[in-house]
1. Rounded if a/c is under 1.5, else prolate if a/b is larger than b/c, else oblate: which is the range 268-326, with a ≥ b ≥ c the root eigenvalues of its Cα gyration tensor?
2. LYS218 to ALA267: FRET efficiency via 1/(1 + (r/R0)^6), r the Cβ-Cβ distance, R0 51 Å, to the nearest 0.05?
3. Each residue of the range 94-108 in order: what ³J(HN,Hα) in whole Hz does its phi give by Karplus 6.51 cos²θ - 1.76 cosθ + 1.60, θ = phi - 60°, with x for Gly and Pro?
4. How long is the gain from VAL64 to ASP89 if the chain were fully straight, where each residue apart is worth 0.36 nm and the alpha carbon distance is subtracted?
5. Once you order the gyration tensor axes a ≥ b ≥ c over the Cα atoms, which shape class does the range 127-246 get: rounded for a/c under 1.5, otherwise prolate or oblate by comparing a/b with b/c?
6. Under the classification rounded if a/c is under 1.5, otherwise prolate if a/b is larger than b/c and oblate if not, where does the chain fall, given a ≥ b ≥ c as square roots of the Cα gyration tensor eigenvalues?
7. Give me the distance in nm between label points sitting 7 Å out from Cα along the Cα-to-Cβ direction at GLU321 and LYS137, one decimal.
8. Around HIS86, with a cut-off of 14 angstrom between Cβ atoms, what is the net charge of the other residues, counting Lys and Arg +1 and Asp and Glu -1?
Amino acid sequence: MTKHVVRAGALALAALCIASTHAATAWKPSKAVELIATNAPGGGSDRILRIMATVLQDKKLLSVPVNVVNKPGGGGAIAYAYLNQHPGDGHYLVLGSKTILTNNIQGRGPHYGEFTIVGLLFSEYISIVVKPDSQFKTGKELMERLKKDPSALAFGIATSIGGGNHQGAAAAFKVSGIDVRKMRTVIFPSGGAATTALLGGHVDVVPISAAFAGSMAKQGQVRVLAVSSPSRLPGALADVPTYKEQGLDTVVTQWRIVVGPKGMSDAQVAYWEDALRRLRETDEWKKELEANAWKAENLTSAEARKFLERENGEMRTFLGELGLVK
């Protein structure tokens with residue numbers, strides 16, 4: 001047997017071993033997948049996950065059923081606690097937001113490092129809405145009233161103090177020189193619950209996602225006073241001025257991140273990274289991005305972890321200025 005034959009045989013054996021190892025470590029769901037919403041039905045996380053589940057199933061991107069499970073409460077704390085009851089199990093994912101950082105900074109929840117970060121999906125902006133017959137026509141008018149008495153109006157906040165929706169209003173307080181600590185807030189389990197309370201006259205102002213505000217505005221249910229984006233948004237919100245246009249120099253972004261339980265394997269993460277990539281490539285998902293004024297982010301697990309590290313520092317500074325850091 002020549003040296004070339006021996007070498008060829010060794011290479012073939014090595015390739016076989018690599019293939020066998022890959023087959024042994026590859027992973028795919030073997031039972032129904034749970035996509036866990038941090039709020040009640042009708043909230044942002046719930047609505048987004050139901051869109052995701054529909055696309056994943058209709059386009060046959062998964063070979064198992066996909067169930068949306070609601071675990072509202074504690075600004076996401078209950079959902080994350082439920083998630084980590086399934087360590088190392090890639091069948092459970094939460095659609096998270098800024099509260100995964102802000103709750104911990106305020107001493108109310110676990111650190112993001114206690115979970116497996118799967119990827120960053122997209123970001124969106126916050127709209128400030130009031131009843132259609134409200135005395136307020138603009139965000140600037142609203143802030144001028146609150147300068148006289150910061151507690152004069154009740155804000156319906158989903159789902160916790162310090163989260164993205166709260167920041168959508170608090171940032172305007174801050175640049176207007178209003179003491180955010182005097183802001184009167186009522187916490188709700190979802191944006192849907194907060195806007196229901198608004199329409200019933202139980203709160204005066206609600207900061208919600210731009211997509212949700214746009215859908216309600218089209219039906220004449222709310223008046224949108226401002227959006228927290230750097231420039232005007234398309235569609236139903238095209239005529240709504242940004243905070244900046246109204247002399248309030250602030251931009252607030254809410255982002256949506258996919259989070260798994262602690263201890264997920266590299267193979268499980270790789271599977272979900274690929275599934276999210278294929279989701280993003282569908283025409284159906286691209287249409288949802290456009291219709292909802294969502295900005296695609298497309299960050300992998302490693303990239304999303306680095307993103308959270310940067311955001312955590314910025315959130316700590318922002319919440320510290322508002323007197324919310326514990």
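FYI, it's all coordinate maths here, none of it is from the lab. The structure displayed is predicted, hence computed values, not measured ones. Here Cβ is always computed from backbone atoms with ideal geometry, including for glycine, and neighbour counts include all displayed protein chains.
1. oblate
2. It comes out at approximately 0.70.
3. 10, 8, x, 9, 4, 5, 5, 9, 5, 4, 5, 4, 8, x, 10
4. Between VAL64 and ASP89, full extension yields an extra 7.5 nm.
5. Note, shape of the range 127-246 comes out rounded.
6. prolate
7. A separation of 3.1 nm, rounded to one decimal place.
8. 0
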